[in-house]
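The values are calculated or read from the model by the stated rules, or taken from the named source; none is laboratory data. Note that the structure is predicted; figures quoted are calculated from it, not measured. Every residue, glycine among them, receives a Cβ derived from its backbone with ideal geometry; neighbour counts consider all protein chains shown. The protein model used for the area step is the full one, side chains on, heavy atoms only, and it has no ligands, DNA or RNA in it. Shrake-Rupley method; radii C 1.70, N 1.55, O 1.52, S 1.80 Å.
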Amino acid sequence: QVQLVESGGGSVQAGGSLTLSCGVSGDTTCSINMAWYRQAPGKEREFVAIIDSDRTTSYANSVKGRVAISQERSNTVYLRMNNLKPEDTAMYYCRTSLRPWLRCGGTAVVWGQGTQVTVSS
């Protein structure tokens with residue numbers, strides 16, 4: 001079973017930078033893509049960035065130009081965030097979509113438990 005664990009969150013001043021990490025355990029061949037989402041209190045979870053198995057990336061308009069997603073190893077994905085704004089404050093979650101192979105555990109999506117990012121003005 002694929003499992004995800006986020007790290008790297010914290011508190012920064014507006015204009016600062018953070019790099020989040022998502023460690024992947026289990027059979028990484030089960031992952032179709034890797035993505036980052038975020039959720040602020042009282043709001044719906046929203047898409048931030050995604051990288052597919054061919055390393056093609058896509059970003060939400062709200063973070064485009066300030067965020068970069070990368071996967072330097074098969075078991076680690078990063079979200080590099082620059083020029084952070086107070087509206088970036090949220091719990092950030094790593095997510096992967098799984099192949100429907102028997103050895104992949106029978107689930108379609110796996111989420112990490114989240115890492116908190118707080119940006120003060």
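Before moving on, here are some points about what is shown:
- Taking other residues whose beta carbon is less than 10 angstrom from the beta carbon of residue 58, and scoring Lys, Arg as +1 and Asp, Glu as -1, yields 0.
- 95, 55, ranked by accessible area, largest first (probe 1.4 Å): 55, 95
- Ordering of 105-116, 22-33 by packing is 22-33, 105-116, highest average first (other Cβ atoms within 10 Å, averaged per residue).
- Cβ-Cβ distance of residue 68 and residue 47, R₀ of 22 Å, FRET efficiency by 1/(1 + (r/R0)^6): the value works out to about 0.90.
- Column: log10 I(q)/I(0), Debye, Cα scatterers of the stretch 60-121, q = 0.14 Å⁻¹: -0.55
- Distance between modelled label sites at residue 14 and residue 60, nm, 7 Å Cα→Cβ extension: 1.9 nm
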